[in-house]
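The values are calculated or read from the model by the stated rules, or taken from the named source; none is laboratory data. Predicted, not measured: the structure shown is a model, and the values here were computed from it. No Cβ is skipped: glycine too gets one built from the backbone with ideal geometry, and neighbour counts run over all protein chains shown.
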Amino acid sequence: MATARLEAPAGTPASASAAAALPPALAQRASGTTIVPAAFIFLVLGCTVLQRFGITLGGSSLNAAHFGAYALLAAALFSGRLALNAARLVVFFALLSLAGLSWVVNETWGAHGSSSPTSFVLLVLMYLPFIFMVRPAVVSAAAGGAGAVTDIDSEWILRVFAGVGLFCAIAGIAQFLMQFVIKAPWLFDFTPNLPPVLRSSGGYNTVIPAGDGLFKSNGFFFKEPSLFSLVMAFALLVEIGHFRRWLRMGVLLAALLLTYSGSGLLVLAAGLLFPLRVRTFMRLGAVALVGGLLALALWDVLNLGFTLGRLEEFGRPRSSAHMRYVAPIQLIMDSITREPWTVWMGHGPGTIYRTGTTWGWFYEYHDPTLAKLLFEYGLLGLLLAVALTALMLRNPAFPIQVRAAAFFCWIATGGFFLTPEMTYLMLVFGNVFVPAAKAPGEVAGGAAEQPPASAVNARASRAPMPT
């Protein structure tokens, strides 16, 4: 494995490090290319407006977000810009090794071995993109460039996501209002109109009543209202943490309220807790006050009492909140010490669903991530998976609110461990294009003294594995 790269000082021209990152023969091909940005936009669309699309073979499907992630890797490879991240590669390999060991041990010595090969393959497929990075594009001298530029940076990424989020918000508001005049089923679920082979698989509550003859907005494009609410929460956090465009925030908040979903509100609240300081809590209080006043003003018009009434679901078996947060905990408490090794390495890939249905605890497949990790891969698997996502989200170029919300969404709000739409938002807001900032002379994993510029350039010229 290549050694970690020494980062150039902040004042070092971008051309030196970026030009060294590409082989000379590929510099011209990469300059001015649009293939990587186009693939990234496809990834964002796959996580949002293309959620209902996929390629279905048998009972499983590869969703549009899967294709978006691998299209991005393919575009980077074609452009000569694909690189491995050493730290994430090590953690990913350790996680797969633990999953394989758990599978073998439980099938060999476990009393109720029921591991799923499909679940293991999905684990590999889902998190393989996490180990890669994309080098910056280079403007070659033949193209009239004076140095190197990055065609994708955090500003561009945030603008793309904010634009898609606003489009989805407008679509969701329009959908909610159109139900008063259009009664056709396709307004809330157009999936039956798609060819079966082009539908993403999975069981989702796409059309959900909200009382008084109304239906929750699912943004027209999304699999269910909760997923729409999550995207609205992320778009709001992008605006709050970076752009601060009040009109857009009002549109996004209105769309979020029309989902009647608590998932987006939880993720929004989690993001607003960061950075952890007094000023943040004051801002959170102000947001809660404004949101509360707005909710009171629209309480009867939008039947918002329906959303508040869902709090009682935590005590009602087979309700959404009970299935997500209560039943999985009961299952883990009853089974975590079934075998001597299950506390540390779990019961094996794919076992939580099979064991849960056998014991009579019914909850959505892969739901939630925290319970799935603990049950199937134990404490060691949980630590490795959290380490992998933490390394991916280690990018201060993006607002801390957005990155904290992405982690909270992944681990706590639903069955997203092996489903791509919300998980791959960590690719969107993660350390893929813009490396995590380091102090001058810092080596991955620790600090070092500032080396001379000549040493930095010599080290960079060997184009080692980024960290």
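Within the range 239-279, track down each residue that is farther than 18 Å from F429 by Cα, among the β-branched types (V, I, T) and crowded, with 23+ Cβ neighbours inside 10 Å. Listed by number, the list holds a single entry, T259. Could you give me the residue pairs with C-beta distances under 8 Å whose first residue belongs to the range 325-339 and is outside any helix (DSSP H, G or I), whose second residue is surrounded by fewer than 18 Cβ atoms within 10 Å (Cβ to Cβ) and modelled with pLDDT of 70 or more wherever it lies, and which are 6+ apart or on separate chains? Filtered contacts from the range 325-339: I336/V343; T337/V343; E339/W109. Per the conditions (1) part of a helix (DSSP H, G or I); (2) surrounded by fewer than 22 Cβ atoms within 10 Å (Cβ to Cβ); (3) not charged (D, E, K, R), the sole criterion not satisfied by W103 is (2).
Close Cβ contacts (under 7 Å, 6 or more residues apart or on different chains) running from residues in the range 197-222 that are within 23 Å of G165 (Cβ to Cβ) to residues that are at pLDDT 85 or above and loosely packed, with under 14 Cβ neighbours inside 10 Å comprise F215/P209. Selection over the range 223-273 of residues that are in contact (Cβ under 8 Å) with a residue 24 or more places away in the chain and among the charged types (D, E, K, R) gives a count of 3.
The set of residues from the range 179-190 being surrounded by 15 or more Cβ atoms within 10 Å (Cβ to Cβ) and in contact with a Phe, Trp or Tyr (Cβ under 9 Å, 6 or more places away or on another chain) comprises Q179, L187, F188. Number of residues in the range 179-204 that are in a loop (DSSP other than H, G, I, E, B) and not aromatic (F, W, Y): the value is 12. In summary, helices (runs of 4 or more DSSP H) completely within the range 373-467 and bearing 1 or more residues that are at pLDDT 90 or above occur at 400-412, 420-423, 425-428. Cβ-Cβ distances below 7 Å connect the following pairs, each with a first residue in the range 375-397 that is under 15 Å from S97 (Cβ atoms), a second residue that is hydroxyl-bearing (S, T, Y) and outside any loop (DSSP other than H, G, I, E, B), and a separation of six or more residues or different chains: E376/T351; Y377/S102; G378/T342; L388/Y127. The condition of being out of contact with any Leu (no Cβ under 9 Å at 6 or more places or on another chain) and closer than 23 Å to G163 by Cα holds for only one of A270, A254, A286, A233, that being A270.
From the list A94, A74, A65, pick out the single residue that is in a helix (DSSP H, G or I) and crowded, with 20+ Cβ neighbours inside 10 Å.
Going through A94, A74, A65 in turn, just one is in a helix (DSSP H, G or I) and crowded, with 20+ Cβ neighbours inside 10 Å: A65.
Each residue in the range 274-286 was checked for being touching a residue at least 40 places away in the same chain (Cβ under 8 Å) and over 11 Å from L237 (Cβ atoms), and 1 pass. Answer with yes or no whether S114 is in a loop (DSSP other than H, G, I, E, B), surrounded by fewer than 20 Cβ atoms within 10 Å (Cβ to Cβ) and modelled with pLDDT under 95. Yes: the conditions hold for S114.
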